[in-house]
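Notes for the one structure printed next.
Taken together, the values in this text are just the output of simple stated rules run on the coordinates, not laboratory data. These numbers were taken from a predicted model, which means no experiment stands behind them. A quick note on method: Cβ atoms are made from the backbone with ideal geometry, for glycine too, and the neighbour counts reach across all protein chains shown.
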């Protein structure tokens, strides 16, 4: 019952928080989160294909919009997140529930794409690289157990709530 209420209220609450949060703070948090979660992948060069290329991401129903790239520093690579970029190489749009399902691997990017719940436009080759990378990321191994279980539970319940409506 409590989880059901969280599922129903989460998108609205997130949207309200994002509307009030200054973009530089939101961007810094996203950048830090990506840097922490994908630290080993970044060091191994898994994100090198994003070097000086921009992916614009929009989580439509919560009003989250940002662009992300990888900047090569002398000693390492680093994610760079900005509010927008004039000409992104790839544009990705998804809803909160689909993002949760994708993040917890309850559904693969191809399924979301063909159901029109994941939109990828722009540079086709780069878009495929982003999609394929999304397909290989396992947050279960990267997040603390309780945090991952909460996300997985939210994703499952969100899918159930969406299918009932």
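Give the peptides 104-114, 58-68, 38-48 in descending order of average Cβ contacts within 10 Å, highest first. Don't skip to the end; give the middle numbers.
Details: 104-114: 16.2, 58-68: 18.0, 38-48: 14.2.
The packing order, highest mean first, is 58-68, 104-114, 38-48.
Highest GNM mean-square fluctuation, the chain, Cα pairs closer than 10 Å: which of 83, 103, 69?
Taking springs between Cα atoms under 10 Å, the residue moving most is 83.
Would you calculate, for the chain, the mean residue ellipticity at 222 nm contributed by helices, counting each DSSP H stretch of 4 or more residues as -39,500 (n - 2.57) and dividing by all residues, to the nearest 500?
Calculated from helices alone, the mean residue ellipticity at 222 nm is -16500 deg cm²/dmol.
Calculate how steeply helix 23-37 sits against the longest principal axis of the alpha-carbon atoms of the chain, using the helix alpha-carbon long axis, and give the answer as 0 to 90 degrees to the nearest 10.
Taking Cα atoms only, the helix is inclined about 80 degrees.
Which angle between 0 and 90 degrees, to the nearest 10, do you get for helix 2-20 versus the longest principal axis of the chain when only C-alpha atoms count?
On a 0 to 90 degree scale, this one is about 40.
How far is helix 145-164 tilted off the main Cα axis of the chain, in degrees rounded to 10, range 0 to 90?
60
Using a/c under 1.5 as the rounded threshold, could you call segment 7-164 rounded, prolate or oblate? The axes a ≥ b ≥ c are square roots of the C-alpha gyration tensor eigenvalues, and prolate needs a/b larger than b/c, oblate otherwise.
Rounded, because the longest to shortest axis ratio a/c is under 1.5.
Whole Å is fine, so just give me how far the alpha carbon centre of segment 17-86 lies from that of segment 98-121.
Going from one Cα centre to the other spans 19 Å.
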